[in-house]
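What follows is one structure encoded as structure tokens, with my remarks underneath.
The values are calculated or read from the model by the stated rules, or taken from the named source; none is laboratory data. Since the structure is predicted, the reported quantities are computational estimates derived from the model, not experimental observations. Every residue, glycine as well, gets a Cβ built from its backbone with ideal geometry; the counts of neighbours run over all protein chains shown.
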């Protein structure tokens, strides 16, 4: 494989790693193996630190494909806890409010999920990389500044309830680029007359690439040693 000219690598992003860290580590390992100081490496779609799963990395001239790769349909497995919210709508921040859940049952959850298929409007979470006056929303949110984000139009092809052990549910989501699963969890909680936040998230597919196609970070050294063309 000619990583200087350009290659595509599929990584199963580990829990707690930022997407930026994955890119930096892979770039450093490639540069060391190739005996060079600089190499262009980018990724096709950020994953939150508390999410795992498919990340597509491009090197060299293949970085020109990033935009088209980002446009691929995504599939996620999301674990959601009903009855409580956090400011970030995941476990990055502490619970800030609790809500009743006694009125919620499996049939109600299944009915509500149907509202979130098709073309929908979604307001991004304030703890997100959306830019507000040139700054990232999460930077302003961490300073407790008031932020009003505009809704985005996106497409959710399918939402399937795969587990219901209240207050915890698990859903499979097939969606377009730009969908915030944390925001979807928030909106599901509101639609159920309660609150909700993510407790786990795994991206299982980007386009035709699935987790089964991905390398684990602990296998990167072996992979590069056996595939680098010098």
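Worth a mention:
- Restricting attention to the range 204-222, the residues being in contact (Cβ under 8 Å) with a residue 60 or more places away in the chain, farther than 20 Å from residue 118 by Cβ and either touching a helix residue (DSSP H, G or I) at 6+ places or on another chain (Cβ under 8 Å) or outside any loop (DSSP other than H, G, I, E, B) (or both) number 11.
- Failed item, numbered, when residue 84 is tested on (1) more than 19 Å from residue 125 (Cα to Cα); (2) touching a strand residue (DSSP E or B) at 6+ places or on another chain (Cβ under 7 Å): (1)
- Single residue of 125, 100 found to be in the same structural domain as residue 179 (by TED's automatic domain parsing) and buried (at least 18 other Cβ atoms within 10 Å of the Cβ): 125
- Boolean, residue 58 is crowded, with 17+ Cβ neighbours inside 10 Å and more than 30 Å from residue 194 (Cα to Cα): yes
- As for the range 21-42, it holds no residue that is outside any strand (DSSP E or B) and under 20 Å from residue 125 (Cα atoms).
- Output for the range 10-22, where each listed residue is farther than 14 Å from residue 218 by Cα and surrounded by 18 or more Cβ atoms within 10 Å (Cβ to Cβ): 19
- Residue pairs meeting the criteria (Cβ under 7 Å; at least 6 apart or on separate chains; first touching a residue at least 60 places away in the same chain (Cβ under 8 Å), in the range 20-36; second outside any helix (DSSP H, G or I) and loosely packed, with under 14 Cβ neighbours inside 10 Å): 34/230
- Residues located in the range 164-203, provided they are over 19 Å from residue 89 (Cα atoms) and either without any contact (Cβ under 8 Å) to a residue 24 or more places away in the chain or not assigned by TED's automatic domain parsing to the domain that holds residue 107 (or both): 165
- Looking only at residues in the range 1-43 that are under 14 Å from the mean Cα position of the chain (by Cα) and modelled with pLDDT under 95, the one that is farthest from residue 211 (Cα to Cα) is 20.
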